[in-house]
1. All but one of (1) touching a strand residue (DSSP E or B) at 6+ places or on another chain (Cβ under 7 Å); (2) of a type in the set (Ser, Thr, Tyr); (3) over 30 Å from Thr712 (Cβ atoms); (4) open to solvent by 40 Å² or more (accessible area, probe 1.4 Å) hold for Tyr385; state the number of the condition that does not hold.
2. Among the residues of segment 757-764, is there at least one that is open to solvent by 10 Å² or more (accessible area, probe 1.4 Å), of a type in the set (Phe, Trp, Tyr) and either under 27 Å from Ser485 (Cα atoms) or assigned to a helix (DSSP H, G or I) (or both)?
3. In segment 389-406, is there at least one residue being within 31 Å of the chain's Cα centre (by Cα) and either open to solvent by 70 Å² or more (accessible area, probe 1.4 Å) or touching a residue at least 40 places away in the same chain (Cβ under 8 Å) (or both)?
4. Residues that are under 30 Å from Val270 (Cβ atoms), at least 1 per element: which helices (runs of 4 or more DSSP H) completely within segment 440-556 meet that?
5. So Leu825 fits all but one of (1) modelled with pLDDT of 95 or more; (2) surrounded by 18 or more Cβ atoms within 10 Å (Cβ to Cβ); what number is the exception?
6. Can you tell me which of (1) under 28 Å from the mean Cα position of the chain (by Cα); (2) open to solvent by 20 Å² or more (accessible area, probe 1.4 Å) is the one Arg319 doesn't meet?
7. Which ones in segment 562-583 are surrounded by 20 or more Cβ atoms within 10 Å (Cβ to Cβ) and either closer than 18 Å to Ala669 by Cβ or of a type in the set (S, T, N, Q) (or both)?
8. State yes or no: is Ala442 among the aliphatic types (A, V, I, L, M), open to solvent by less than 10 Å² (accessible area, probe 1.4 Å), in contact with a Lys or Arg (Cβ under 6 Å, 6 or more places away or on another chain) and closer than 27 Å to Asp737 by Cα?
Amino acid sequence: MRSLSKRKLLKFLSVLTILGSGGFLAVASCLYLYLSPKLPSVEELKEIELQIPLRIHSQDLKVIAEFGEKKRSPVSFEEIPQPMIDAFLAAEDDSFFEHRGIVISGLARAAVELITTGSIRSGGSTITMQVARNFFLSKRQEFTRKFNEILLAFRIEEELSKQEILSLYANKIYMGNRAYGVGAAAQVYYGKTLDQLSLGEIATIAGLPKAPSRYNPLANSERAMQRRDWILGRMLSLGNIDQSVYQAAKAEVDEASYHGSISEMDAAYVAEMVRQEVVSKFGLRAYTEGYTAITTLDSTLQSHAVTALQAGIMAYDQRHGYRGVEQQAVEPDSWTDILRKTPVYGGLEPAIITAVAEDRLQLISKDGLELSLNWADGLENLRTYRTVNARSAPIAAATDLFAVGDLIRIQRHLNDRISLAQLPEAQAAMVTLAPNNGGIKALVGGFDYRQSRFNRITQATRQPGSNFKPFVYTTALSSGFTAASIINDAPVVFDDSKLEDTWRPENDGGKFYGPTRLREALYRSRNLVSIRLLRRMGIDRTLEGLQSFGFNTSEMPLDLSLALGSHALTPLEIAAGYAVFANGGFQVKPYILDKVIDRHGTIIYQANPATVCNPCAETIASDLSESIDFQLEELLNNLAQESLPGNEKESWEVIKQALQTNSILSTVAAERVIDEQTAFLIDSMLKDVILRGTGIKAKKLNRSDLAGKTGTTNGPRDAWFSGYSPDLVTTAWVGFDNNALIGRNEYGGSAALPIWIEFMGAALAGKPEVKHPQPNGIVRVKIDAKTGRRVAPNQTGIYEFFKTKNVPELTNTGSTAPTDDQSPLPEDLF
């Protein structure tokens with residue numbers, strides 16, 4: 001009876017199994033027939049274009065910045081180190097090279113792990129299934145999605161090689177912190193390329209796909225290390241590594257930290273300008289299509305500009321006294337955390353005082369080092385700030401001002417020396433243009449972009465003061481005035497209906513000097529002469545002349561204050577105006593974006609600036625050819641580096657292809673807006689500003705091809721210096737964002753000019769002087785220094801340049817022997 005019952009039970013179970021299997025197959029078949037036509041073609045995987053961020057380069061192809069929500073550096077299978085392949089397979093799919101897309105045992109193992117441990121550590125999906133999900137399917141946990149994933153995995157395995165599948169996986173998988181793919185993860189977490197990673201770092205990265213937040217070494221180091229060690233153990237058990245390698249990798253101290261976009265130079269203000277321009281041209285796809293934007297920036301000049309500006313603003317800040325510690329009485333148990341959270345600005349590092357003696361401070365730095373700040377390192381003669389015009393007496397001892405737990409700033413110098421510093425409250429900005437076409441060669445919009453993203457070069461409109469006078473003088477020279485025209489420098493009161501109150505303009509210092517030649521009035525920056533000159537020319541004629549410099553005159557004041565630079569302009573507008581002086585009278589427009597190249601090497605945008613040249617076509621073609629040849633040489637140098645990672649090689653190859661196929665656009669000649677003779681005269685007068693005027697400090701550069709003009713506004717509130725050589729035009733500005741006073745002893749010549757000098761000295765070092773030739777229609781004659789009238793060769797006088805049509809008549813009276821300021825102008829200066 002029992003035997004019969006067993007047979008019936010077995011028969012029943014067999015029938016049930018057959019029916020169940022049949023039902024499963026029927027359902028599976030129906031699902032296949034229903035879902036299969038809806039599945040995407042695997043051909044799409046072969047043609048898919050991964051989202052690659054926008055990358056911005058300097059003209060000499062240094063990386064400035066990357067922009068894009070997804071950080072990705074695509075790599076090929078050959079570029080993935082074998083230990084990384086082993087680590088990913090150990091963590092995600094150890095039978096990847098054997099299965100056909102799915103592994104039943106893997107799914108079963110995941111189920112068992114879930115039941116026994118409450119979590120899945122090895123994963124149930126194969127790498128092929130993850131590729132199907134990441135490229136084509138949503139992450140919603142639905143049965144149909146999982147079935148689609150399996151079907152797609154089979155299809156992918158049929159049409160792609162294992163190497164292609166693994167490469168797709170390695171480039172697509174999300175790794176946390178906006179990093180997609182192994183190349184981006186190596187950069188974001190360790191600041192390295194794949195071939196530079198240690199085995200421990202590789203295992204840490206291999207642990208991320210499972211749960212990028214849970215196993216993130218930045219957010220949860222302990223869990224990340226547990227996951228790392230588990231993966232290393234799997235590699236050991238699979239025979240990928242031996243016991244000694246395993247132990248060494250486990251013993252590694254993880255040094256993961258966030259590494260932002262790759263940058264080879266400090267040009268964040270430029271990066272933001274270019275980002276905005278590229279997005280305005282191409283829309284949001286600029287962030288994902290792998291565009292390469294090449295700018296006009298010169299990386300060497302940019303480095304000099306950053307150094308000069310930061311040194312200049314810190315020197316200004318130091319002259320006005322120490323404002324005190326940045327934070328007081330920090331508790332010892334929070335020192336490390338406070339230092340970690342306090343950013344470095346302009347190279348000024350935070351440090352906390354751990355001990356105070358009368359003549360020194362003991363510090364702990366941001367990187368955990370114990371340092372000593374001695375009396376001679378900024379404590380000696382340290383005066384505290386009282387007002388913008390006053391400081392205290394020097395402190396007698398360090399204990400007078402500092403206490404344990406105070407947060408201060410230090411600056412590092414050569415030979416590991418440090419000095420006391422503080423974050424400046426004042427700001428500065430500087431821009432350098434190529435005067436032949438307006439290309440921006442260097443731009444610094446503030447002390448540090450991380451401290452303030454406000455770009456003072458393009459966004460800050462400030463009164464230029466006397467920095468504006470050369471534009472008015474140029475209009476006068478174009479209207480029949482000469483460098484020897486006499487204007488009375490004397491007090492005057494204006495009851496101008498266009499001005500709110502009675503106006504009594506003065507020179508700096510309150511003195512007046514009587515009849516003055518225009519040349520001297522400009523290099524000595526005499527305000528009353530400029531005002532009377534504008535009144536004699538008339539507002540309308542002056543505004544018409546100012547348009548030659550590219551200024552929008554529609555909003556300029558219709559009163560005589562215009563002569564003193566009362567209309568606010570950006571430093572970039574001022575620099576563009578001075579470019580007309582530097583290039584001999586041609587108007588050029590500043591630009592920063594030179595070209596944009598897509599991921600296939602096609603140039604999709606090419607700037608075509610108006611350019612100063614003669615003959616034009618040949619000159620521009622030659623300049624473009626030289627630029628492209630230089631860029632190609634840089635590319636070849638990069639490509640020749642065996643250590644360069646594969647994804648970088650691919651990027652350089654794309655740019656190389658674009659440059660080699662670059663077609664020179666039809667050239668645009670810059671418009672001449674000042675006649676050659678007027679341009680020569682104003683250039684010679686601006687050279688005198690440096691030779692014997694308010695810019696005389698620049699004589700230390702020992703060059704005769706420099707010219708420029710200082711500028712200081714009422715208060716004073718703004719300090720300017722704009723100047724140039726024939727190859728570079730540079731404007732520097734110093735002031736406060738809130739328009740506060742900068743101090744009664746601060747001028748363009750004391751605050752802005754030192755920045756200009758340091759930069760131009762570095763930029764022009766080793767470069768020969770370039771002289772503007774004296775054009776036809778210009779003569780040099782002897783004049784009376786007081787009257788500006790021509791004198792005979794045997795009479796006492798000074799030499800001056802005139803347009804042929806404006807040479808004064810010969811007089812019979814000479815004057816006394818010339819003073820130093822009236823000495824003949826050397827012919828070789830012009």
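The values are calculated or read from the model by the stated rules, or taken from the named source; none is laboratory data. Computed from a prediction, not measured in an experiment: that's the story for all the values here. Neighbour counts are summed over all protein chains in view; Cβ atoms, including those assigned to glycine, are modelled from backbone coordinates with ideal geometry. Side chains included, ligands, DNA and RNA excluded: accessible areas come from the protein's heavy atoms. Shrake-Rupley method; radii C 1.70, N 1.55, O 1.52, S 1.80 Å.
1. Tyr385 satisfies every listed condition except (3).
2. No, because not a single residue in segment 757-764 is open to solvent by 10 Å² or more (accessible area, probe 1.4 Å), of a type in the set (Phe, Trp, Tyr) and either under 27 Å from Ser485 (Cα atoms) or assigned to a helix (DSSP H, G or I) (or both).
3. Checking segment 389-406: not a single residue is within 31 Å of the chain's Cα centre (by Cα) and either open to solvent by 70 Å² or more (accessible area, probe 1.4 Å) or touching a residue at least 40 places away in the same chain (Cβ under 8 Å) (or both).
4. Hits in segment 440-556: 469-478, 539-546.
5. (1)
6. (1)
7. Result: Thr570, Ala576, Ala579, Val580, Ala582, Asn583.
8. no
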